[in-house]
1. Quick check: anything in the range B:105-113 more than 30 Å from B:Gly756 (Cα to Cα) and without any contact (Cβ under 8 Å) to a residue 24 or more places away in the chain?
2. Given the condition within 16 Å of B:Leu501 (Cα to Cα) and not β-branched (Val, Ile, Thr), answer yes or no: does some residue in the range B:837-846 qualify?
3. Please tell me if A:Glu8 is surrounded by 13 or more Cβ atoms within 10 Å (Cβ to Cβ) and more than 9 Å from chain B (Cβ to nearest Cβ).
4. Testing B:Ser340 on (1) surrounded by 18 or more Cβ atoms within 10 Å (Cβ to Cβ); (2) without any contact (Cβ under 8 Å) to a residue 24 or more places away in the chain; (3) touching a Ser or Thr at 6+ places or on another chain (Cβ under 9 Å), one condition comes back false. Which one is that?
5. Has the range B:188-204 got at least one residue that is exposed (fewer than 15 other Cβ atoms within 10 Å of the Cβ) and either out of contact with any Ser or Thr (no Cβ under 7 Å at 6 or more places or on another chain) or outside the structural domain of B:Gly316 (by TED's automatic domain parsing) (or both)?
6. Condition (residue is part of a helix (DSSP H, G or I), surrounded by 13 or more Cβ atoms within 10 Å (Cβ to Cβ) and among the small types (Gly, Ala, Ser)) applied to the range B:354-361: is it met by at least one residue?
7. Just to be sure, is B:Leu377 within 17 Å of B:Leu458 (Cα to Cα) and either of a type in the set (Lys, Arg) or in a helix (DSSP H, G or I) (or both)?
8. Could you check the range B:9-62 and list, in sequence order, the residues that are surrounded by 14 or more Cβ atoms within 10 Å (Cβ to Cβ), away from chain A (no Cβ under 12 Å) and either small (Gly, Ala, Ser) or not in a helix (DSSP H, G or I) (or both)?
Amino acid sequence: MKGSQLGELEEIILLTVGALYDDAYGVAVMQDVEKRTGRKITISTVHSVLKRLEEKGYCESRYDGATNERGGRRKHLFRVTTAGENVLHTSREIRNGLWNAIPDMAFNKK
Amino acid sequence: MDRQEPKWIVKWLRRFCDQDLIEGIEGDLFELFELESKEYSTSKARRRYTWRALGFFRASFINKRKSITYQLTTMLGNYFKISIRTALKNKTSSLVNLLGLTLGLTACGFLAQYIYQEWSYDRHFANYDRIYRLTLDMEFGDEMTKLAISPSGFGKAVSEKAPQVEAFGMLRKFSNFQFKKGTELVKTSHVYQTEAGLQNILDYQWLSGDSQKALSEPYSIVLTQSLADKLLIDNSNPVGQIITRDNEDKYTITGIIADPPINSHIQPEAFISLSDPNVVNQMDAWRWVTYVKVTESFNANKFAQSLADISTEIFGEKGGSGRGKIIIQPEKLTDIHFISDRKFEMETNDGNRIYIQGFSILMILILTMSIINYVNLTTAQTHQRLKEVGVRKTFGAQKMQIISQFFFESGLMISLSVVFSLLIILGGQSLFQSYAGIELSIFEMLNWKAILMVVAVLLFILLFSGIYPSLKLSSIKAFQKELKTKTNRFRSILILFQLSLSCLVLIGTTVVYQQYQFMTSQQLGFNQNQIITTKMDDVAIKNYWVIHNKLMQLPEVKTVASAEHSPGETAPINNFEYNTKDGVKKVVCPHIWADQHYVEALQLNIIAGEDFEDYRGNDGKRIGVLINEAFAEESGWTPEEAVGQTLKSGTSWEDKIIGVVQDFHFVSLHHAIEPMVIRHIVGGRDLLIKSASTDYQKLMSEIDQIWQETAGTEQAEFTFLDKHFQKQYEKDQKRAELFAGFSFLIIFISLAGLFGLTTYTVQRRLKEMSIRKVHGASTIEILSLMTKEFGVLSLLAAFIAIPTAYYVFNAWLENFAYAINLQPILLTLPVLLLMMLILLTAALRSYKVVRVNPAQILRNE
């Protein structure tokens, strides 16, 4: 699939969506990423990444029920799909594999 | 909570963003806005909101269904792709189109520069449309002498008497001023004397000094930048410095002007003020060129009328001192370069509007040829694109969209050609400039008007090249499978037009070239070869006999002569009277002064009487005059009768004709031979050395040495008379060459077009011809079938072109005093040649059909 690679920011946001589970919408994701990583990202970037993830099939989205908050606008909620889960697993395994491959000597030297 | 989010940005956002995303985006923006309005002031929160919202204007959020930009870019992307594919599929025709358009545009780029430089003469003066030069026509008996000059008081007199004149200006040219720079002498040839108000008429760009007052004091001088650089030792602060002329006159520098543009009828190096302010009231010094500036409410007819009255007022009904009536002729400043060919012009005005018109027509023709190629080749491909247009229409394309698609394709082709031709123009610029004598840089020409013109021309090209193909292709029906073959007629007309023009242009080039050849190979009536000439200065003239004798001692020198005016220059006009049985008759004609070696040096033929004799030396006594054959003819004498007749001029001069020389072309062959009188002088300004050898290097060094010994330190500039004479035709030659070059371009472009069309026909008729071959058609039959169309068309073109050419070029040749006859062969040979070329082009391309194996073509039917 074209563009099935997961970028670094994409991975972080996808993980955050997973972490927020049922309340993953733009502002929440943005605040959560900032809280956990200290990275300030703009809301438009968050939306853009979420849209890309959805296009790649790693997330799905829906609108929740109407509220009076947010000026009457519904929240655009995201959830990780099975494909998203798989890609996160793969990514993690690759990292684990690499971690395991590093000999103890390499980091203990200093 | 008061909601004060900036509504306008939300509105734009809604318009821009994808429908599915906008609610979530708006909600998030609002939530953040509420959060921040607790933290910051409302205005800051609003600012941050706007800033944040702006971040959403990115391609990934675009509303694909609604956004016109999105649809347009996709559509144009598709058009682009299709254009490239079609172009690659038809390599020959794309190449021909590209080549034609590129060459056409390049040629236009170059021609436009030439035209611009000529057209823009004197248009840099601020009030160029209100400035007139007042020249005088003087009647002498039956003849009119046209003068560029007028008396010094003329300008002031006119400006006082004519209410339509706002200001006047006057110039007098000095062509031999020398200034001292330390011990060196700096020569100038264009110093103008003027009164104080010059700047009001001819505004130059002043770099320093006061333009209004600079020339009001006597012995003030205003230098151009380049002369100042050449003349001044310390150039940092020129105003106020004093410079000395070779005769010890001292001038104070009162201003520096920028070098005047090259496209002006006067090329000043410096202006000096009047030495006596009173000359503007005097009417006896006829050396001044007079300009006037007219008021804004100027009326040309009224002005001409008032000038007639003023002329009588100033010069009297009959004029003074034996002159006839004087008529004032106003010349528009911008016309001078083109029309003015008077006696005592300050510079030669060699402009010619005919050439501007000719080159403009050539430019349009070249462009037309490229456009016709494009239209022909594109419409020839129509059937290839039936399916494409059909599919587009089936999917709902509007006619307008198809039209715009094909305009886009033309636009693409044109843009590509523009890029290529710009590259060529930039690369070839310096070469062309030096070749065509263009001295304006390209940046001097590029003002916003010129750029607007270029854009307009490009749009025109786009319109004309795109309109027919796009209309034709867009009219294809969605399910049309075949084209009606009738559509060829329009193309045939275009080809006919192209071919006729090519014929015409080829005939034209031949005629122009023949005429030029004829002119340069004409018998001048004197031997211009191996003659070295120079202008002597006063020191050299004083020592003329010393120089003469020393030169004569050189073994390489045959003859040394001096004269006032050497061949190729404009001789002054005089009126001569003589007695006949019917009373006194008058001839107005040029006269020159020459010494007793002149006839020998130029190898003129004396057909009656004798040459000047030697014995008088330089005592200044008159020893008779020579006349030319034309003079004798005009007077009705045979050459033998003419000898011994007496000529009179004015009240005091009178002399006998001692000899008649055979007619020779004193001025260029543009002019017919006029009657002429040669009077005797010793030590005229022009020195002519006839050399016996062609080892000029040795001769020149010897001459240089003699010059240094006798004529002072100054080195004279020697030229060869034949070169000097040739100079008169240089511009003609350049124009003829340019004309020929661009004409061949036209022919090349149209031949390339035919080549492309044949390629296409070959593709289409390959099967047909294969079947014919199988049935036994011979090579000749097939070739004649393939080339028949062009054969017929070129024959028709010949029938159109030959009479037109006859008519046009006969009229053109009438401009020349010595012209070739339009022989039938001149008209038919080029056409025959062109027809052969056309058929050859078509046949060469068609030969492919002959060569192929029909079995290979026909097997997959």
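1. The initial filter retains those residues of the range B:105-113 that are more than 30 Å from B:Gly756 (Cα to Cα), namely B:113.
After this cut, where a residue has to be without any contact (Cβ under 8 Å) to a residue 24 or more places away in the chain as well, the list is none.
No, because not a single residue in the range B:105-113 is more than 30 Å from B:Gly756 (Cα to Cα) and without any contact (Cβ under 8 Å) to a residue 24 or more places away in the chain.
2. Initially, the range B:837-846 is screened for residues within 16 Å of B:Leu501 (Cα to Cα), giving B:837-838.
Filter again for not β-branched (Val, Ile, Thr), leaving B:837.
So far as the range B:837-846 goes, yes, one or more of its residues are within 16 Å of B:Leu501 (Cα to Cα) and not β-branched (Val, Ile, Thr).
3. Numbers: surrounded by 13 or more Cβ atoms within 10 Å (Cβ to Cβ): no; more than 9 Å from chain B (Cβ to nearest Cβ): yes.
It is false that A:Glu8 is surrounded by 13 or more Cβ atoms within 10 Å (Cβ to Cβ) and more than 9 Å from chain B (Cβ to nearest Cβ).
4. Against the list (1) surrounded by 18 or more Cβ atoms within 10 Å (Cβ to Cβ); (2) without any contact (Cβ under 8 Å) to a residue 24 or more places away in the chain; (3) touching a Ser or Thr at 6+ places or on another chain (Cβ under 9 Å), B:Ser340 comes up short only on (2).
5. The first filter runs over the range B:188-204 and keeps only residues exposed (fewer than 15 other Cβ atoms within 10 Å of the Cβ), leaving B:189.
Still in the list and also either out of contact with any Ser or Thr (no Cβ under 7 Å at 6 or more places or on another chain) or outside the structural domain of B:Gly316 (by TED's automatic domain parsing) (or both): none.
No, the range B:188-204 contains no residue that is exposed (fewer than 15 other Cβ atoms within 10 Å of the Cβ) and either out of contact with any Ser or Thr (no Cβ under 7 Å at 6 or more places or on another chain) or outside the structural domain of B:Gly316 (by TED's automatic domain parsing) (or both).
6. In the first step, residues of the range B:354-361 are kept if they are part of a helix (DSSP H, G or I); the result is B:354-361.
Then keep just the ones that are surrounded by 13 or more Cβ atoms within 10 Å (Cβ to Cβ); that gives B:355-356, B:358-360.
Now drop any that are not among the small types (Gly, Ala, Ser), which leaves B:358, B:360.
Yes - at least one qualifying residue is present in the range B:354-361.
7. Numbers: within 17 Å of B:Leu458 (Cα to Cα): no; either of a type in the set (Lys, Arg) or in a helix (DSSP H, G or I) (or both): yes.
For B:Leu377, the condition - within 17 Å of B:Leu458 (Cα to Cα) and either of a type in the set (Lys, Arg) or in a helix (DSSP H, G or I) (or both) - is not met.
8. B:Ser37, B:Ala45
The values are calculated or read from the model by the stated rules, or taken from the named source; none is laboratory data. A quick note: this is a predicted structure, and the numbers were derived from the prediction, not measured. No Cβ is skipped: glycine too gets one built from the backbone with ideal geometry, and neighbour counts run over all protein chains shown.
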